[in-house]
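Read through the structure below, which is laid out as structure tokens, and then see the notes.
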Amino acid sequence: MTTKWQNCQIPIKGRHLIAGALFALTLLIPQVNAGVLVAPTVVFMDEHKRTGRITVQNPSDEPREVTIRMSFGLPTSDSLGNVFVNLQDSGITDVKAATSWVKPFPRKMLLQPGATQVVRFVARPPKDLVDGEYWARVVVTSQEGKTSLPSPTGEGQISTVLNMIMQTAIMLKYRQGDQVAHLKLNGVVASQEDTLVNVIVDLSSTGNASYVGMMHCRLYNADKQEIGYRRFDLAVYHDLKRRVTFPIASYMNGGPYSFELFITPNGRKDIAAEYLIRGNEIEYSMTLP
């Protein structure tokens, strides 16, 4: 399964839908609630505190069946800088995976309307675990119940019943010993295509922990006036290419353009300061060819 996000919710449609049912499905989706609520969005554990927890809440007016499973998936990218996450439930080869030794309790529950449930995690790491950070995804799946599509009247027609499922995947990080976050800039490639400037930033994490920070990107015209600014939350676990696009339709005669990059571990609002491993800063600039 491929999930595109960070902490997004993905509707999974029922199998073997006939073509005629797709339009009806489209009409039904907006009526489906957003699924259960999960907090926090990142679970932190370490050698001194080998337990963690999340709270799952059912905000709807219908009971929900909720399951919890451990999976693995890191932000990765293709050659064009498109970022995505592949969730793996088996065949995991990453030495930093904690999926086999972190367990959730309970794994299944029935949440009544408005009810909440605490899910606890217990880590039993190998005795020879080396210093560093280890990762897993907590996948929370909420079944919305069965939804029947209108039944066709013609002979030989097919009707179907859908199980509407919402899914949320959050990060779990286990830390052992000393952790170092360090980011390397492998290169920057910039190009102009019609009314756009595309920049691909190639990054690698060279520490024994993930690099978490902010990426600031600016585009200037020939007069050094800022004509574009982009800011991104950044999380690099191994290698990552990030694409940045600037529209320049209003500045077609403003070249040659120049690009500035600033990456810093400061500025994150979604992670408490006590959990941040502060890495290095990177500054880079170039003039487009």
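Each value in this text was obtained by applying a stated rule to the coordinates, not by laboratory testing. Quick caveat, the model's predicted, so the values are computed rather than measured. In this analysis, Cβ positions are derived from the backbone assuming ideal geometry, glycine residues included, and neighbour counts consider all displayed protein chains.
Quick look at the numbers
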item: Projected label distance in nm at residue 76 and residue 258, using a 7 Å step from Cα toward the beta-carbon; result: 3.8
item: Net charge of Cβ neighbours under 15 Å - reference residue 97; Lys, Arg +1; Asp, Glu -1; result: +4
item: Label point at residue 232 placed 7 Å out along Cα→Cβ; residues across segment 274-289 whose backbone nitrogen lies under 19 Å; result: 279-288
item: Virtual spin-label span in nm between residue 116 and residue 278, 7 Å along Cα→Cβ; result: 3.2
item: Net charge, residue 239 excluded, C-beta distance under 10 Å - Lys, Arg +1, Asp, Glu -1; result: +1
item: Gain in span if fully extended, residue 224 to residue 269, counting 0.36 nm per residue against the direct Cα distance; result: 13.2 nm
item: Inter-label distance for residue 48 and residue 285, nm, one decimal - labels placed 7 Å from Cα along Cα-to-Cβ; result: 4.3
item: Of 275, 227, 264, farthest towards positive along the dipole that unit charges on Lys, Arg, Asp, Glu beta carbons give segment 217-281; result: 227
item: Dipole magnitude of segment 183-287 about its Cα centre (Cβ charges: Lys, Arg +1; Asp, Glu -1), debye to nearest 20; result: 160
item: At R0 = 41 Å, FRET efficiency that the Cβ-Cβ distance of residue 193 and residue 62 yields, to 0.05; result: 0.30
item: Stretchable slack from residue 185 to residue 206, in nm (0.36 nm times residue separation minus alpha-carbon distance); result: 6.5 nm
item: Furthest towards positive pole of dipole, 288, 189, 240, structure part segment 182-289, Cβ charges; result: 240
item: Phi to ³J(HN,Hα) by Karplus 6.51 cos²θ - 1.76 cosθ + 1.60 over segment 71-80, Hz, x for Gly, Pro; result: 9, 9, x, 10, x, 9, 8, 9, 5, 8
item: Cross-link pairs 224/269; 108/173; 49/103; 127/173 - those with Cα-Cα distance over 25 Å; result: 224/269
